[in-house]
Amino acid sequence: MNRDREGAATARSNQQPMPPSQLSPDLRLRLYRLQTELREAEQRAYDLFLQNLVKGTSHLSLGQEAVAAGFAAAMEPGDLTFCTYRGHAHTLARGVPMDKVLGELMGRDNGLLRGKGGSMHLTSVEHGHMGSYAIVGAHIPIACGAAWRAQYKGEKDITVCFFGDGTTNIGAFHEGLNFAVIWKLPVVFVCENNLYMEYTPIGEVTAVKDPAAGRASAYGLEPIIIDGQDADIVYTTAKAAYDKARSGGGPTLIECLTYRYSGHSRADPAKYRPAGELDHWKGQRDPVRIYRERLLAAGVSESTLAAIDAEVMRRVDEATAICKAAPPPPAEILTTDVYADGGWAWRN
Amino acid sequence: MDVLMPQLGETVTEGKITVWFKSVGDTVAPGDNLFELETDKTSMEVPATSGGVLREIRVQQGEIAPVNAVVAVIGESSNGALAAAPRRPGIALEPFQEVRTPVRNYGPAALPSGVRVSPLARRLAAESGIDLTRVKGSGPHGRIHAADLNTLQPPPTAASTPVRTLYRDIPFETVPIDVMRRTIARRLVEAVQTIPHFYLSADVELTRLLSIREGASMALGVKLSINDFVIKAFALALQRVPAANAIWAEDAILRFRHSDIGVAVSIGGGLLTPVIRKAETKSVAAISTEMKDLAARARERRLQPHEYQGGAASVSNLGMHGVREFSAIINPPQSSILAVGAGERRPVEGADGAVRFATLMTVTLSCDHRVVDGALGAQVLGAFKAAIEDPVALFE
Amino acid sequence: MAELTYREAVARGIAQEMQRDPDVVFLGEDIAKAGGVFKATVGLLEQFGPLRVRDTPISEQAILGAAMGAAMTGLKPIAEIMFSDFIAVCFDYLANQYSKGRYMTNGQVKCPLVVRTANGGGARFGAQHSQSVENWCMMIPGLKVVAPSTPADVIGLFAASVRDPDPVIFLEHKSLYPVKGEVPDGEIVDELGVAKIVRPGSDATILALALMVPRAIAAAEKLKAGHGIDCEVVDVRSLVPLDTQTMLASVARTHRVFTVEENPRLCGWGAELVSIIADEAFYDLDGPPVRITTPHIPLPSSEVLEDLAMPSVDRIAETVRRSLGS
């Protein structure tokens, strides 16, 4: 069934495939570089986990790079993102330095949150990355609130909210969608349908065939499904939705068909997948490979791409070295920032 | 972002704000002039180095502040960080000690007879030396409450009945003796009967101290009292004369490394003597802050025993009541107490033989002769006088 | 000075803050056109317009979530949850989002907002519209929890809550809405974390909150008149931050302590206060600390049963009298 669905993805996409020439060569190199960065940094996170240097849990999005890269590349500075605990890629895509992200996964003092948040809560307000939320669906109404602020204050930023297919079955998703539509908020909802909620195929637990798009009409929204492995399609779809939000046209819900190469979290070997499914996606549908081949076909030289690859690897290695050398956080931050006065005093 | 008092020249220590160009709530851009500053050297306009909203002005027009003092606060302009309502300074919570369990224990909850005793009654009995086996409890199942201690009559002494009979023709009100009064009475009788007291007095000139105090109070933003300086000076004097920083322990003399100074605080119905620990190591401002807290809590009867026990010496100051000089009874088991009188303008003979007026106060040191001999006491008093009269050392 | 009802004080408190700061916005179910199901927000839509006073669908998660998103990005939202019982359907925002955002992002995320809600029993609404849920909120690090007992406190503590940079859960007592009280003219701004001695006394300390404050005062008067027992009544007002110093100082004077709590017994706020007092003021205590609470049951609807369940003036007075052995 899953094979069926992904096979039909492009056919079922109601977005017009973009003629490649519409995206500038610079932009396409940027999209390639970004996807490569997300891929290699995530792969490094996994390697560090295997070396026992990343503790706790982490939820990788290897295989889903085109979604994060395409949506982020289409944003303006000042636009806001909200994502889930599967958020390393969305964090990096907004420009957060790799050493800060890896440092946080490793629980080091140089981490983005100095080890107080961890993998599931990566946040960088200065980059417009308003947080990674580990309670499924919680951030959908929160994203509405951020968009409401822009609407109320007449500010031009838009809010983009990423979530998985599993989120479409929780109440906050439905409350948030209804809310965004009735208040006509400048928010773009992005469902990354990677075919599995956690361990269970999404189709087995969902009333409609397309978990997000199948619900769109209930909120008066256009059902949009796109091929989430094609960064060009992702980018152009994102751009259109952002333009609509920015010009007062209200929210958009976009379902991206994609696939995660690893299990739900580090504890999940993903044995529930049918034989051959992973190989198929990695072999035929890998977003980084698809994009690399497309650029070569469009006349970009192998050496240009190889130089990008090498530079990305160098940056990943540097970030890793920084994190390995970083100390653990000091004990005194244990009780800081519970309240706005910087401390935690609940009594006098 | 804090706006600091700039240092307009190497030797400048403070500045006066003559004009504020911005008001609280104004939006400020980097480079906007904030205020005009006047020092003994120059006057200039001081611009903002960061943008935002002027949240707070701490040094007003016409006021003087030391270099580096925070004179104003500039906050974020957008994304609505509102000025927080002024917070009362909370206590600093210690991780894993959010609740502070008293360290001292006052004996078991049940007597050998099985009678239960309330925690308050146990504490009061221990502090005033009451034998709980002689107390009859009035609570449920005969539990002893604090009030039961007050009903305990001391063993009749020869004096008590005749005293009343002497006054039987005169109307009087009978005031019951509470636990604190009884404790004070017992301890002072013990002190006078067992401690061989002798007394040394000296006049101490305050002129320099008073002028330094004014400047220091302003610079620190803390109102320093003469007593704060007396505590520090006495602590330093005991460091100079270590043999006097000691107490009589019957089988030995206990000599201390640090100067823990008790300070008599009058509270409703009695007095308490909270102790400033290691007073020689603390700044006068720190002593002042600690003393205010201890005195306030003493008056609320909220001191923990460890806060009023120990030390080798105490200070008792009745100067604020206009007392010129007095001698005090030593607070056992300590070995000395310094009785401090009021500062007064008195004529003194200057170095040139001319008469001038200066502010002097008379202090009297009561000493336990078992520990402190006359010459030793005189050394302590001399060191104290030197410290007060050359008060710069008090700030070291 | 004017006499206002607690209900009118709510609207005046909100208006005072919306007037002061255009970033203060207000959202909730039936709050705008209808003026609130308790009529506590009448007139605000007319005064501040539909962009600042917004009706929402019955979507408690959307209300609290949107308030957070707006607060993190620069507004100062006031969100109404109609009945405090409904906090259970949007508890995630209190338990996981408002309270933890700042800590786990190393101070990056701020959440200056107020959730107002009608709390407590006495209105014969039955078990799902009558609960006292202050302890649900109090147990979460990162939240502040306030519960006023008088119209003047409604305005002053509400202003302090809106101006506070942390998320504040503001529990209005629905049985107090019709109660009148003197309110000073002009702007009123109080302070969070300051308990108030509302009736001085020397024999025992009674700690109370919201509707239990007037009941504790009435019980104290009764004890004085009938038995010569002089109780000090402390209005706790704010559970977080908690003014332990006022309570400990009171216990140090009276040596006995009672809590009057509307919540069911287990893990009520009084349990925490009693534990602090038992620890820090142990040797000030001349008898056991006593908690007077609703029994550990859901609240029934019938007035006879509900009155039996909640701490009454008579039950408070009788418990204190018996415990002091008079």
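The values are calculated or read from the model by the stated rules, or taken from the named source; none is laboratory data. Remember, it's a predicted structure, so these values are computed and weren't measured experimentally. FYI the Cβ positions are ideal-geometry reconstructions off the backbone, even for glycines, and counts take in every protein chain you see.
Restricting attention to region B:216-252, the residues that are under 30 Å from B:Thr13 (Cα atoms) and part of a loop (DSSP other than H, G, I, E, B) add up to 5.
Within the bounds of region C:196-207, is there any residue that is in contact with a Leu (Cβ under 7 Å, 6 or more places away or on another chain), over 25 Å from C:Arg20 (Cβ atoms) and of a type outside the set (Asp, Glu)? Break it down stepwise before answering.
To start, the set of residues in region C:196-207 that are in contact with a Leu (Cβ under 7 Å, 6 or more places away or on another chain) comprises C:203-204, C:207.
Narrowing the set further to residues that are over 25 Å from C:Arg20 (Cβ atoms) leaves C:203-204, C:207.
Next, from what is left, pick out any that are of a type outside the set (Asp, Glu): C:204, C:207.
Looking through region C:196-207, at least one residue is in contact with a Leu (Cβ under 7 Å, 6 or more places away or on another chain), over 25 Å from C:Arg20 (Cβ atoms) and of a type outside the set (Asp, Glu).
Among residues of region A:43-61 that are at negative phi, those with a beta-carbon under 6 Å from a residue that is in a helix (DSSP H, G or I) and acidic (Asp, Glu) at least six positions away or on a different chain give the pairs A:Leu60/A:Glu42. When the residues of region A:134-169 are filtered to those that are within 9 Å of chain C (Cβ to nearest Cβ) and in contact with a Ser or Thr (Cβ under 6 Å, 6 or more places away or on another chain), the one that is surrounded by the fewest Cβ atoms within 10 Å (Cβ to Cβ) is A:Gly137. Within the option set B:Ile261, B:Ile253, B:Ile212, being crowded, with 16+ Cβ neighbours inside 10 Å, under 26 Å from B:Cys367 (Cβ atoms) and among the β-branched types (Val, Ile, Thr) holds for one residue only, B:Ile261. Any residue in region A:114-123 that is more than 17 Å from the chain's Cα centre (by Cα), assigned to a helix (DSSP H, G or I) and either within 13 Å of chain C (Cβ to nearest Cβ) or touching a residue at least 60 places away in the same chain (Cβ under 8 Å) (or both)? No, region A:114-123 contains no residue that is more than 17 Å from the chain's Cα centre (by Cα), assigned to a helix (DSSP H, G or I) and either within 13 Å of chain C (Cβ to nearest Cβ) or touching a residue at least 60 places away in the same chain (Cβ under 8 Å) (or both). When residues of region B:234-243 are filtered for being crowded, with 17+ Cβ neighbours inside 10 Å and over 20 Å from B:Asp390 (Cβ atoms), how many remain? Result for region B:234-243: 0.
Picking from A:Ala340, A:Ala331, A:Ala298, which residue would you name as being within 14 Å of another protein chain (Cβ to nearest Cβ), touching a Pro at 6+ places or on another chain (Cβ under 7 Å) and of a type in the set (A, V, I, L, M)?
On the way: A:Ala331 fails: touching a Pro at 6+ places or on another chain (Cβ under 7 Å); A:Ala298 fails: within 14 Å of another protein chain (Cβ to nearest Cβ).
Of the residues listed, the single one that is within 14 Å of another protein chain (Cβ to nearest Cβ), touching a Pro at 6+ places or on another chain (Cβ under 7 Å) and of a type in the set (A, V, I, L, M) is A:Ala340.
Restricting attention to region B:291-315, the residues being surrounded by fewer than 19 Cβ atoms within 10 Å (Cβ to Cβ), hydrophobic (A, V, I, L, M, F, W, C) and within 11 Å of another protein chain (Cβ to nearest Cβ) number 1. Per the listing A:Glu175, A:Glu192, the residue uniquely surrounded by 24 or more Cβ atoms within 10 Å (Cβ to Cβ), modelled with pLDDT of 95 or more, of a type in the set (Asp, Glu) and in a helix (DSSP H, G or I) is A:Glu175.
Filter region B:105-143 down to the residues that are more than 8 Å from every other protein chain (Cβ to nearest Cβ) and under 30 Å from C:Ala195 (Cα atoms), then identify the one that is surrounded by the most Cβ atoms within 10 Å (Cβ to Cβ). If we take residues in region B:105-143 being more than 8 Å from every other protein chain (Cβ to nearest Cβ) and under 30 Å from C:Ala195 (Cα atoms), then B:Leu124 is surrounded by the most Cβ atoms within 10 Å (Cβ to Cβ). Looking only at region C:21-67, residues that are aromatic (Phe, Trp, Tyr) and crowded, with 22+ Cβ neighbours inside 10 Å come to 1 in all. Output the residue which, of all residues in region A:86-113 that are away from chain C (no Cβ under 12 Å) and in a loop (DSSP other than H, G, I, E, B), is surrounded by the most Cβ atoms within 10 Å (Cβ to Cβ). That would be A:Gly87.
When you look at A:Val136, is it aliphatic (A, V, I, L, M) and out of contact with any Gly (no Cβ under 8 Å at 6 or more places or on another chain), yes or no? Spelling it out, it is not the case that A:Val136 is aliphatic (A, V, I, L, M) and out of contact with any Gly (no Cβ under 8 Å at 6 or more places or on another chain). Of the listed requirements (1) modelled with pLDDT of 85 or more; (2) more than 8 Å from chain C (Cβ to nearest Cβ), B:Ala146 misses just one: (2).
The residue pairs whose first member lies in region A:232-248 and is closer than 11 Å to A:Leu23 by Cα, whose second member is part of a helix (DSSP H, G or I), and whose beta carbons are closer than 7 Å, counting only pairs six or more residues apart or on different chains, are A:Asp232/A:Pro20; A:Tyr235/A:Leu31; A:Tyr235/A:Gly70; A:Tyr235/A:Ala73. With respect to being hydrophobic (A, V, I, L, M, F, W, C), in contact with a strand residue (DSSP E or B) (Cβ under 6 Å, 6 or more places away or on another chain) and either assigned to a strand (DSSP E or B) or in contact (Cβ under 8 Å) with a residue 24 or more places away in the chain (or both), C:Ala210 fits the description. Cβ separations smaller than 8 Å between residues 6+ apart or across chains give the following pairs from region B:281-292 residues that are within 17 Å of B:Asp260 (Cβ to Cβ) to residues that are part of a helix (DSSP H, G or I) and polar (S, T, N, Q): B:Met291/B:Asn227. Anything in region A:280-291 that is assigned to a helix (DSSP H, G or I) and closer than 12 Å to A:Gln229 by Cα? List them, or say none. A:Trp281, A:Lys282, A:Gln284, A:Pro287, A:Val288, A:Arg289, A:Ile290, A:Tyr291 - these are the residues of region A:280-291 that are assigned to a helix (DSSP H, G or I) and closer than 12 Å to A:Gln229 by Cα. Screening C:Ile87, C:Ile81 for residues that are under 19 Å from A:Glu175 (Cα atoms), away from chain A (no Cβ under 11 Å), in a helix (DSSP H, G or I) and touching a strand residue (DSSP E or B) at 6+ places or on another chain (Cβ under 8 Å) leaves exactly one candidate, C:Ile87. The sole residue among C:Glu232, C:Glu262 that is of a type outside the set (S, T, N, Q), assigned to a strand (DSSP E or B) and either modelled with pLDDT under 95 or under 15 Å from the mean Cα position of the chain (by Cα) (or both) is C:Glu262. Scanning region B:344-367 for residues that are within 21 Å of B:His258 (Cβ to Cβ), crowded, with 24+ Cβ neighbours inside 10 Å and either aromatic (Phe, Trp, Tyr) or touching a residue at least 40 places away in the same chain (Cβ under 8 Å) (or both) turns up at least one hit. Contact map, region C:118-145: first residue among the hydrophobic types (A, V, I, L, M, F, W, C), second residue part of a loop (DSSP other than H, G, I, E, B), Cβ cut-off under 6 Å, separation 6 or more or different chains; pairs are C:Ala118/C:Phe38; C:Ala127/C:Pro298; C:Ala127/C:Leu299; C:Cys137/C:Leu143; C:Ile140/C:Ser99; C:Leu143/C:Ser99; C:Leu143/C:Pro167. The test for being touching a helix residue (DSSP H, G or I) at 6+ places or on another chain (Cβ under 9 Å) and in a strand (DSSP E or B) does not hold for A:Val208.
Taking the conditions exactly as written (in contact (Cβ under 8 Å) with a residue 24 or more places away in the chain and either closer than 26 Å to B:Arg324 by Cα or loosely packed, with under 15 Cβ neighbours inside 10 Å (or both)), does B:Arg164 satisfy them or not? No; evaluated as a whole, the condition is false for this residue.
Comparison of A:Ala212, A:Ala172, A:Ala180 shows that the only residue that is aliphatic (A, V, I, L, M) and more than 13 Å from chain C (Cβ to nearest Cβ) is A:Ala212. Among the numbered conditions (1) within 14 Å of chain C (Cβ to nearest Cβ); (2) at pLDDT 85 or above, tell me where B:Pro95 comes up short. Condition not satisfied by B:Pro95: (2).
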